[in-house]
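K.L.:
Let me give you the structure first, and then I'll get to my questions.
The values are calculated or read from the model by the stated rules, or taken from the named source; none is laboratory data. Keep in mind that what you see is a predicted model, and the values were worked out from it rather than measured. Every residue, glycine as well, gets a Cβ built from its backbone with ideal geometry; the counts of neighbours run over all protein chains shown. Note: accessible area is taken over every heavy atom of the protein model, side chains too, but ligands, DNA and RNA are not part of it. Shrake-Rupley method; radii C 1.70, N 1.55, O 1.52, S 1.80 Å.
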Protein chains: 6
Amino acid sequence: MATVRYPLPDLNTLPEDIRAKILEVQEKSGFVPNVFLAFARRPAEWRAFFAYHDALMLREGSSLSKGEREMIITTTSAANHCLYCVVAHGAILRIYEKRPLVADQVAVNYRKADITPRQRAMLDFAMQVCLESHTVEDADFEALHAHGFDDEDIWDIAGITAFFGLSNRMANVTSMMPNPEFYLLGRVPKAK
Amino acid sequence: MATVRYPLPDLNTLPEDIRAKILEVQEKSGFVPNVFLAFARRPAEWRAFFAYHDALMLREGSSLSKGEREMIITTTSAANHCLYCVVAHGAILRIYEKRPLVADQVAVNYRKADITPRQRAMLDFAMQVCLESHTVEDADFEALHAHGFDDEDIWDIAGITAFFGLSNRMANVTSMMPNPEFYLLGRVPKAK
Amino acid sequence: MATVRYPLPDLNTLPEDIRAKILEVQEKSGFVPNVFLAFARRPAEWRAFFAYHDALMLREGSSLSKGEREMIITTTSAANHCLYCVVAHGAILRIYEKRPLVADQVAVNYRKADITPRQRAMLDFAMQVCLESHTVEDADFEALHAHGFDDEDIWDIAGITAFFGLSNRMANVTSMMPNPEFYLLGRVPKAK
Amino acid sequence: MATVRYPLPDLNTLPEDIRAKILEVQEKSGFVPNVFLAFARRPAEWRAFFAYHDALMLREGSSLSKGEREMIITTTSAANHCLYCVVAHGAILRIYEKRPLVADQVAVNYRKADITPRQRAMLDFAMQVCLESHTVEDADFEALHAHGFDDEDIWDIAGITAFFGLSNRMANVTSMMPNPEFYLLGRVPKAK
Amino acid sequence: MATVRYPLPDLNTLPEDIRAKILEVQEKSGFVPNVFLAFARRPAEWRAFFAYHDALMLREGSSLSKGEREMIITTTSAANHCLYCVVAHGAILRIYEKRPLVADQVAVNYRKADITPRQRAMLDFAMQVCLESHTVEDADFEALHAHGFDDEDIWDIAGITAFFGLSNRMANVTSMMPNPEFYLLGRVPKAK
Amino acid sequence: MATVRYPLPDLNTLPEDIRAKILEVQEKSGFVPNVFLAFARRPAEWRAFFAYHDALMLREGSSLSKGEREMIITTTSAANHCLYCVVAHGAILRIYEKRPLVADQVAVNYRKADITPRQRAMLDFAMQVCLESHTVEDADFEALHAHGFDDEDIWDIAGITAFFGLSNRMANVTSMMPNPEFYLLGRVPKAK
């Protein structure tokens, strides 16, 4: 097993804005996802990372649902073999979509996943951006337009893929492990 | 979503030996894994497939534990992007190893999985057999010997990888989907 | 040169059914193809292997000719760099097709081989199953239907490719060498 | 020629902080590098992008020189076939290093470039992060330690590679073209 | 930096025909491109190399302009990571085309270069010949015919790509470095 | 089957030097290998091609035997999927080596061929030059020196690989088919 390569900082030594955000996440999720601590040892990068994350993932007016954004992340992170992102964002995908099987499906082979043709086109493009972005051409935009995506949606798909490509590489290099809680999230229907 | 490409046969129309085995599996597992029905439309292939499966997976005297055999299957099936085998054998891996996280780990990136150096060497070789078996040389055997594997163990690793490479290809071509039950198996500790 | 990695068993020590089948092959062919002895050290695997082989290769009602089945094997075994299968099945291909040049053609570049458009489509699909089965989609089935293949034929193509993918990997790992007899078989017209 | 896919915004319509920064860059460089305008149509992403950029590229205490950081960008951007980044950062590399040939060398084949063994090790690792970050292991860290890089330097190499991997993908998707000025910068010794 | 692997011969020790040609090139260019000296240590190969070069590059009646021939060389040499040819032929490309930006564009990503659709088709084919010539089929010829290339033009594209593939490999193996003069040639408009 | 893409010229219309050489080859071999006619439609290229061929293949003082040179061609031509060269040079290899099996062995998987460790090192390097010449480094030279190859031998290995890489590409593009005679040559011991 890969050892954790960079020690996690003590929460109490972190700048106040970062500490506050981490406590807020802990309050909401019940635990602190490791990415929040792992990146906090470099506060300037931490702030830029989460600002970028929120700009893409919380953008209003996008025609991509929250579940679809997580679908992009889970699919491309699997292509990048990023354990942290596949497990953590797979969990969030299951929760948003309220479908316990979809994350494993897109992670192993999105072509066989139980998704719509529009989502399939979205993931085809995300994988192209992930693996060979230099081949993107006007025809690829047209294929997405045919499924109702406009150019802002395409920017979103590309941006989310590109941003998590960064995240995947940092998680791989630092050997960031997913919190055990993520593995089970969204797999069992909540008791009512 | 890919449609099921070959209709599943009616259990009652199957030859008696196949029907009996399927009912036995159902009795034991609580459901019939799709592979048993999907292949049953060709009885001769069904019989050979499961005979081969059992010869490799139930061989006595192997130094590979049952969990390790499932680890090989889960890892190489992920490399072959076989949804059925990753989900089904990932479940069996979790159960045998009594470790709910290990299947996702080896499926996404076995290099980061929480496994022993011996298991790591086993999976390195399995992946070589899976992806570029023509490069196997004596030095690869020596590397495995150094971890305590003998030549019969190496045959087992190669055989399991090769056999499930066959299974992965058939599952991919027939668009075999994992039973929903598999996704959750072994993730939640059994109530006592 | 790679050494033979697993000793061949003595014919007289083998279980009677295996010994009988091997003697029968020897009688018919004039020699014992190495695969029969190489796998016989594990009788249960031997029986499953040849049962599977016969189920696929001797299936009646298939629209694939015997020569076409060998064409699939020779082509995909070359992609897997399996010396044993390219040489042995290339020989059988030459014999069945009564065409001494076709085996070398499909082994080096099936796109340039002197085959029919239907056979070309068959080999395109076999190579897809061999190299990237996870990309098989409904459109691939339709392309084969257009050449007159039905779904059972497609199962045959996939099954033969998948089965010999197993065989290729075992031959590569065990360093199985083709019998010298195979190299020349079918190259010279038989004296009458 | 690819058309510019997203219209550049009018400088006067941009938020004041972005406008001010762009004018400052223009003042300093004599022109506005296209990336500043291309990303400005989404102010939140713009701010996060340049904050991340500065956190990595201006970090004090790093043992990587400014030239070495640009060397990483030029090399990995070439692997990602990103015209904008190869041309723009190649120019900055030439200027920092005061060596007019080095940018073309690392872009075409960094193994043949006129750089130090330490820089070669740095680029080997950057390329690994760029192309197959999931294979990074402890031994890769040790190889860099042997050249005097500490773990913070390694984080810098990985971070710069990962961040510009994001930038490369966005530039490729949006078809961002380098300003003509970049092509010649640093190639001709400045008149004194 | 790679050392020069084979010593350059003394000009005065070379056979008269080779010496004369080299002096002529020096007279015309102002310097001796390294390839002329690097290959001269084997006069028979030198003569064949430049005879082949001239047969392809000076062929009359071709519909490929001189600039287009250099465009093919620069693009495919970048795919082969040949520093010498990208820098030297990039320079000649800039000069013939009188366009200082085009060489860097095709070297990094010809899909984004400012070229005509006909040139794009030409480079698509050149890259196919460079990277996977065994997949060339009649349909590829038809695609080129549609852009006005006839079969002789196609032979030229293939021949130039194939010949410089030879040149790229020899330059890579011998670690041939471009003359510093090439880097700047054609980038700055000539003073009148 | 691929059609022949460029018509073969009439022998009687060819320039006298080319016609004479072709008749000489026919006299010696009993047939005219297709490459002689296929390239003759462009006499200047024909002359350069065969001059280069002879410079490399007939060079005296090389420590590479004639058989070893053909071994390089057969192995790398298989990697380039060139039917003409694998079949034609495989035949010559069998004849020079007086070993009827070696050509098929190196074409399918040279790692399993019955060759010496020195020849194995030679083919490892030839394959590196064929497939990724930009990675050649000083250590690769040292590995060859350890097997007794000097720098001139290494130039020969690289040159033969590079030259037949050119030949492979032209044969693939023109769809040059091997003469039927080649397939059998050297497979059957000559009657005495």
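K.L.:
Output the number of the condition that C:Arg69 fails; it satisfies all remaining conditions of (1) within 14 Å of chain B (Cβ to nearest Cβ); (2) closer than 25 Å to B:Trp46 by Cβ.
P.N.:
Among (1) within 14 Å of chain B (Cβ to nearest Cβ); (2) closer than 25 Å to B:Trp46 by Cβ, the lone unmet condition for C:Arg69 is (1).
K.L.:
In the stretch C:24-77, what residues are of a type in the set (Gly, Ala, Ser) and touching a Gly at 6+ places or on another chain (Cβ under 9 Å)?
P.N.:
If the condition is that a residue be of a type in the set (Gly, Ala, Ser) and touching a Gly at 6+ places or on another chain (Cβ under 9 Å), then C:Ala55, C:Ser63, C:Ser77 are the ones that fit.
K.L.:
Take the stretch F:177-187 and flag every residue that is within 20 Å of C:Arg111 (Cα to Cα) and either open to solvent by 20 Å² or more (accessible area, probe 1.4 Å) or within 12 Å of chain E (Cβ to nearest Cβ) (or both).
P.N.:
Scanning the stretch F:177-187 gives F:Met177, F:Pro180.
K.L.:
Tell me, which helices (runs of 4 or more DSSP H) lie completely within the stretch B:83-192 with 1 or more residues that are under 16 Å from the mean Cα position of the chain (by Cα) and at pLDDT 95 or above?
P.N.:
B:83-97, B:102-109, B:117-132, B:151-174, B:180-184
K.L.:
Okay, moving on. Looking at the stretch A:156-176, is at least one residue among the charged types (D, E, K, R), more than 20 Å from E:Asn109 (Cα to Cα) and surrounded by fewer than 23 Cβ atoms within 10 Å (Cβ to Cβ)?
P.N.:
No, the stretch A:156-176 contains no residue that is among the charged types (D, E, K, R), more than 20 Å from E:Asn109 (Cα to Cα) and surrounded by fewer than 23 Cβ atoms within 10 Å (Cβ to Cβ).
K.L.:
While we're on this one: Would you mind telling me which numbered condition in (1) touching a Ser or Thr at 6+ places or on another chain (Cβ under 7 Å); (2) in contact (Cβ under 8 Å) with a residue 24 or more places away in the chain; (3) facing another protein chain (nearest Cβ under 7 Å) B:Pro100 fails?
P.N.:
(1)
K.L.:
So for the stretch C:139-156 (the condition being in contact with a Phe, Trp or Tyr (Cβ under 7 Å, 6 or more places away or on another chain), within 26 Å of C:Leu8 (Cβ to Cβ) and more than 7 Å from every other protein chain (Cβ to nearest Cβ)), does at least one residue qualify?
P.N.:
There is no residue in the stretch C:139-156 that is in contact with a Phe, Trp or Tyr (Cβ under 7 Å, 6 or more places away or on another chain), within 26 Å of C:Leu8 (Cβ to Cβ) and more than 7 Å from every other protein chain (Cβ to nearest Cβ).
K.L.:
Among the residues of the stretch F:66-78, what is the count of those that are touching a residue at least 40 places away in the same chain (Cβ under 8 Å) and open to solvent by 10 Å² or more (accessible area, probe 1.4 Å)?
P.N.:
Total satisfying the criteria: 2.
K.L.:
Looking at the stretch E:1-42, which of the residues that are in a loop (DSSP other than H, G, I, E, B) and within 14 Å of chain D (Cβ to nearest Cβ) is most open to solvent (accessible area, probe 1.4 Å)? It would help to see each step written out before you state the result.
P.N.:
So in the stretch E:1-42, the residues in a loop (DSSP other than H, G, I, E, B) come out as E:1-10, E:14-15, E:30-33, E:39-42.
From the residues that got through so far, the ones that are within 14 Å of chain D (Cβ to nearest Cβ) too are E:1-5.
Values: E:Met1: 109, E:Ala2: 13, E:Thr3: 77, E:Val4: 93, E:Arg5: 29 Å².
Applying the filter and picking the extreme gives E:Met1.
K.L.:
A further question on this structure: Against the condition within 24 Å of B:Cys85 (Cβ to Cβ) and more than 9 Å from chain B (Cβ to nearest Cβ), how does C:Ile160 come out, does it pass?
P.N.:
Considered against the rule, which asks whether it is within 24 Å of B:Cys85 (Cβ to Cβ) and more than 9 Å from chain B (Cβ to nearest Cβ), C:Ile160 comes out as yes.
K.L.:
What's the total number of residues in the stretch F:130-152 that are in contact (Cβ under 8 Å) with a residue 40 or more places away in the chain and surrounded by 20 or more Cβ atoms within 10 Å (Cβ to Cβ)?
P.N.:
2
K.L.:
Out of curiosity, is F:Ala113 open to solvent by less than 10 Å² (accessible area, probe 1.4 Å), free of Cβ contacts under 8 Å to residues at least 24 places away in the same chain, more than 11 Å from chain E (Cβ to nearest Cβ) and among the aliphatic types (A, V, I, L, M)? So that I can check it myself, show each step before the final result.
P.N.:
On the way: open to solvent by less than 10 Å² (accessible area, probe 1.4 Å): yes; free of Cβ contacts under 8 Å to residues at least 24 places away in the same chain: yes; more than 11 Å from chain E (Cβ to nearest Cβ): yes; among the aliphatic types (A, V, I, L, M): yes.
Taking the combined requirement at face value, the residue satisfies it.
For every residue, the table says whether it meets (1) within 30 Å of A:Met177 (Cα to Cα); (2) touching a residue at least 24 places away in the same chain (Cβ under 8 Å); (3) within 13 Å of chain A (Cβ to nearest Cβ); (4) surrounded by fewer than 21 Cβ atoms within 10 Å (Cβ to Cβ).
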residue: D:Asn80; (1), (2), (3), (4): yes, yes, yes, no
residue: D:Val87; (1), (2), (3), (4): no, yes, no, no
residue: D:Gly90; (1), (2), (3), (4): no, yes, no, no
residue: D:Pro117; (1), (2), (3), (4): no, yes, no, yes
residue: D:Ala121; (1), (2), (3), (4): yes, yes, no, yes
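K.L.:
Of all residues in the stretch A:33-48, how many are under 16 Å from the mean Cα position of the chain (by Cα) and either among the charged types (D, E, K, R) or under 15 Å from A:Ile92 (Cα atoms) (or both)?
P.N.:
Final tally of qualifying residues: 3.
K.L.:
For the stretch F:69-82, how many residues meet the condition of being in a helix (DSSP H, G or I) and either on the phi > 0 side of the Ramachandran plot or within 10 Å of the chain's Cα centre (by Cα) (or both)?
P.N.:
If we filter the stretch F:69-82 for residues that are in a helix (DSSP H, G or I), which is where we start, we get F:69-79.
Retained after the next criterion (residues that are either on the phi > 0 side of the Ramachandran plot or within 10 Å of the chain's Cα centre (by Cα) (or both)): F:69-77.
Total meeting the criteria: 9.
K.L.:
On to the next question. Output the residues belonging to the stretch F:142-186 that are aliphatic (A, V, I, L, M) and within 21 Å of E:Asn172 (Cβ to Cβ).
P.N.:
Those that are aliphatic (A, V, I, L, M) and within 21 Å of E:Asn172 (Cβ to Cβ): F:Ala143, F:Leu144, F:Ile154, F:Ile157, F:Ala158, F:Ile160, F:Ala162, F:Leu166, F:Met170.
K.L.:
For the condition at pLDDT below 95 and more than 30 Å from C:Met122 (Cα to Cα), what is the one hit in F:Leu23, F:Leu37, F:Leu64, F:Leu11?
P.N.:
Details: F:Leu23 fails: at pLDDT below 95; F:Leu37 fails: at pLDDT below 95; F:Leu64 fails: at pLDDT below 95.
Exactly one of F:Leu23, F:Leu37, F:Leu64, F:Leu11 is at pLDDT below 95 and more than 30 Å from C:Met122 (Cα to Cα), namely F:Leu11.
K.L.:
So B:Arg59 clears everything in (1) open to solvent by 20 Å² or more (accessible area, probe 1.4 Å); (2) within 14 Å of chain C (Cβ to nearest Cβ); (3) in a helix (DSSP H, G or I) except one condition, right? Which one?
P.N.:
All conditions are met except number (3).
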